[in-house]
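Below you'll find the structure, written out as structure tokens, and then a few comments.
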Amino acid sequence: MSTHALDDGSRAPPPTRACGSLTGIIGYFSPSIVVAQLLFSTAAWAFVAALAYHGQLPVPDSAARIISRYHSQTTLLVTLIATAISALSSFFFTRAIGRALTSRLCRPLSLGGLRTGIELSKGSFVLDPKWPALTIVTIICVVILNTLTAAWATLLTPSYIVVDVPMTGRMLNLGNLQTLAINGSFQAQPYPGPTETSPLRWSFGSDVTPPIDVTPALSWGTSAGLGALGVPSMQTVQLFGPPMFNISTGGMFPAVLSNMTGIIGGAAVPVHVNANASYPRGLSATYTIDQQGFTVNVTCRAQNFSDTGSGFPSMTLSNASLPLPPLSQSQSGASTPLVSWAWTTNCTAYSSSYVGGILVSNAKNAAKVLAGAVCPFQDFVGPSNQSALILIQSVNGSYHDGSSDIAMACEVTPLITTVRAQYSGTIADVSNVVIKTPLNADGSNWPLLFGPAQTLAMIFYSSQGMTDNSVMNSIQYTMGKLVSSSSNVTTQSMMESYLRGMVEYWGTMHRTMLYLNTSIPNDMVNQTSGTMLVTTVGWKYVKATYLLALVPISIIMGLTMCAVAIESYEKHRVHTSSEVPVDVAHHTFNPSNSMHVILASGSGGLHQALEAGRRLTDYGSVQVRLGVRDGVAVLMKDDSSTVANVPTTASADQIATASGSEQHTPAVHPMYSSAGPVDEKSGITMG
């Protein structure tokens, strides 16, 4: 090692203060940090703001299909992107801390503060019980840094969402119906109900045209009965196929998504999306439409028809065997297997009595006969324009309810409903009834009472066969298979469900016949509305989740801005100060680089200064600063001016410091540090 002997007047000049350029990074790096962090945080806030404004942000349909198909790969890609953004943000933060620390070292700084800055510039934390405050602060900063990936992943990861798309349409309003569809016209018909001067006269039999097909009506009654027991039953209405209704039609006509804006004869209820509205088609779609439906409240009770009392309908049974001509002389005394049963019903609501009858066969076993009659415009109390009575009676012990013959009266009260129908694929769910409105008491809704009454009368007439009754057979079979002895289900409650299902089917089919008429009056058309629910991929705003994700992003951005502000302040302070000349290091000094810190400490004689003060109990309070000697950054104790002024033990490279001594002391070479020679190009100590 070579040294140059200098006299006391030629000692090495003291280190000058260092400015922020000691980092050796290009001068516009600080603005780059600010722009990058602002770009990240602004993008995050803008995305969340847009999400909060719109509520949902779906991806394009093609992207939704790809993401749905490659869900795992999409999650991996988003996580990688979030990790890259988090790494960049952390890098800018730590670089800002390092630059701020370097600039701050132009003034004295405690070793504790220096250690804190160095740890933060490396993305680490201080763990020292002597400095609990610094320990807590640095741990919090590191935790926030490490949550950046989770925060960005939360913002960027799409999920399955449901987009609401408003829909409108037009439908038929049964509330203004003033005639039954069987006459082929909407021309109003006079009120046919009974009055004191004009009793109701009607009859049922093979010569009367049924309002609807009886067989599917019975099927829908069975479906409603199963639904009352919690058993699903899917059926379609035979005229238009899909959708399939679960348990009941709800008395409504199915809706279909169409570009049509008006009612077209024979078509389903058309609903459409606003022509100017753009919406995603997504992966699948369901829609919910508020439609008008039709149902009945049914209340059945046991009734003794032999003593009905004054004012209540009565039903009298009679029968007669039909004589047949003998096939031979030996059969002249044989009994005939054919029996004619008849029942006379006296409806007391100002109506005449009428007779119903059926021919049955007792050829093998006694026929099971269920007599059924209908009294419209009547309830349990008396005359009514809102209800009808159904009279049901078993003949000669054909059907039993427990130990007694079946004999019941059912009050049927029609209701106009608003159904929130949900269509999913080929399934229509009409179970959500939101509004029920009874018929007008003045009889203006008479078709909605008279039509179901006719239907039920025809069903009871047609359901009786030569040997048994299909309605009661179905009820008893269902109860025998599905109803336990401990259940509260009775024959009366099952009959209520059957009657309701059959009348709701009538409501649907009657709408069908009305739709076949192309000249529907405007007062019979109502607006309907609903919502299409499109399942797709995108983002849905959840306030707590997204605001929490913005917290670490915003905090890191704010801390980065503070670090850049500190750096700018220290640079400005140094350049505007005239206390000591400012010099610039020609080699990089990065406080997050342990090698740079070691070399700067050795070149500044910091270890010698600390050794001289080894009696100190708190090295963290020792003040240090950063200086420049011959273009090299050095870290020194604040009260030391040059390395030569630091007293150390004797060595070949040390300088005597005895005051007033005339001995020549070797000066430190500009390209040498107290730790050894320094490479001129790199500034790194050559051990």
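The values are calculated or read from the model by the stated rules, or taken from the named source; none is laboratory data. No experiment lies behind these values; they were computed from the predicted model shown. Don't worry about glycine lacking a Cβ; one is built from the backbone with ideal geometry, like all the others, and counts go over all protein chains shown. SASA here: full protein model, heavy atoms, side chains in, ligands and nucleic acids out. Shrake-Rupley method; radii C 1.70, N 1.55, O 1.52, S 1.80 Å.
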Practice task
Would you point out the residue of the range 88-113, among those that are in contact (Cβ under 8 Å) with a residue 40 or more places away in the chain, of a type in the set (Gly, Ala, Ser) and farther than 13 Å from Val564 by Cα, that is surrounded by the most Cβ atoms within 10 Å (Cβ to Cβ)?
Solution key: Ser89
Problem - Inter-residue pairs, beta-carbon under 8 Å, first outside the structural domain of Leu109 (by the TED database) and of a type in the set (Phe, Trp, Tyr) and in the range 588-601, second part of a loop (DSSP other than H, G, I, E, B) and open to solvent by 30 Å² or more (accessible area, probe 1.4 Å), 6+ apart - result: Phe589/Gly24
Problem - Residue tally, condition in a helix (DSSP H, G or I) and under 17 Å from Leu559 (Cβ atoms), over the range 103-133 - result: 10
Practice task
Might you let me know whether the range 530-537 holds any residue that is in a helix (DSSP H, G or I) and either at pLDDT below 90 or under 30 Å from Leu148 (Cβ atoms) (or both)?
Solution key: no
Exercise for the section: List the number of the failed condition for Ser568; all other conditions in (1) modelled with pLDDT of 85 or more; (2) open to solvent by 20 Å² or more (accessible area, probe 1.4 Å); (3) in the same structural domain as Phe47 (by the TED database); (4) over 30 Å from Pro60 (Cα atoms) hold. Expected result: (1)
Practice task
Collect the residues in the range 508-528 that are within 15 Å of Arg170 (Cβ to Cβ) and either part of a helix (DSSP H, G or I) or of a type in the set (A, V, I, L, M, F, W, C) (or both), keeping them in residue-number order.
Solution key: Arg511, Leu514, Tyr515, Ile520, Asn522, Asp523, Met524, Val525
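Table: residues versus (1) at positive phi; (2) open to solvent by less than 40 Å² (accessible area, probe 1.4 Å); (3) modelled with pLDDT under 85; (4) not β-branched (Val, Ile, Thr).
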| site | (1), (2), (3), (4) |
| --- | --- |
| Gly465 | no, yes, yes, yes |
| Asp468 | no, no, no, yes |
| Gln476 | no, no, no, yes |
| Lys481 | no, no, yes, yes |
| Met495 | no, yes, no, yes |
| Arg500 | no, no, no, yes |
| Tyr505 | no, yes, no, yes |
| Thr512 | no, yes, yes, no |
| Asn517 | no, yes, yes, yes |
Exercise for the section: Could you tell me whether Gly251 is in contact with a helix residue (DSSP H, G or I) (Cβ under 7 Å, 6 or more places away or on another chain), loosely packed, with under 13 Cβ neighbours inside 10 Å and either over 26 Å from Gln464 (Cβ atoms) or at pLDDT 70 or above (or both)? Expected result: no
Practice task
Could you tell me which residue of the range 134-178 is modelled with the highest pLDDT, considering only residues that are assigned to a loop (DSSP other than H, G, I, E, B) and crowded, with 20+ Cβ neighbours inside 10 Å?
Solution key: Pro158
Exercise for the section: State yes or no: is Leu389 in the same structural domain as Tyr505 (by the TED database), in a strand (DSSP E or B) and open to solvent by less than 10 Å² (accessible area, probe 1.4 Å)? Expected result: yes
Exercise for the section: For the range 385-403, state whether one or more residues are farther than 23 Å from Thr491 by Cα and not aliphatic (A, V, I, L, M). Expected result: yes
Practice task
Looking for whichever is in contact (Cβ under 8 Å) with a residue 40 or more places away in the chain, within 26 Å of Leu533 (Cα to Cα) and either in contact with a Gly (Cβ under 9 Å, 6 or more places away or on another chain) or crowded, with 17+ Cβ neighbours inside 10 Å (or both) here; the options are Thr437, Thr413, Thr418, Thr455. Which one fits?
Solution key: Thr418
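Listed here are the residues, each with its yes/no results for (1) modelled with pLDDT under 70; (2) in a loop (DSSP other than H, G, I, E, B); (3) assigned by the TED database to the domain that holds Pro414; (4) farther than 20 Å from Ser463 by Cβ.
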| residue | (1), (2), (3), (4) |
| --- | --- |
| Arg301 | no, no, yes, yes |
| Gly309 | yes, yes, yes, yes |
| Leu317 | no, no, yes, no |
| Ala320 | no, no, yes, yes |
| Ala342 | no, no, yes, no |
Handout entry: Tally, over the range 268-295, of residues that are more than 19 Å from Thr418 (Cα to Cα), modelled with pLDDT under 85, surrounded by 14 or more Cβ atoms within 10 Å (Cβ to Cβ) and aliphatic (A, V, I, L, M)
Key = 1
Problem - Test: Thr116 is surrounded by fewer than 22 Cβ atoms within 10 Å (Cβ to Cβ), of a type outside the set (Phe, Trp, Tyr) and within 19 Å of Val564 (Cβ to Cβ) - result: no
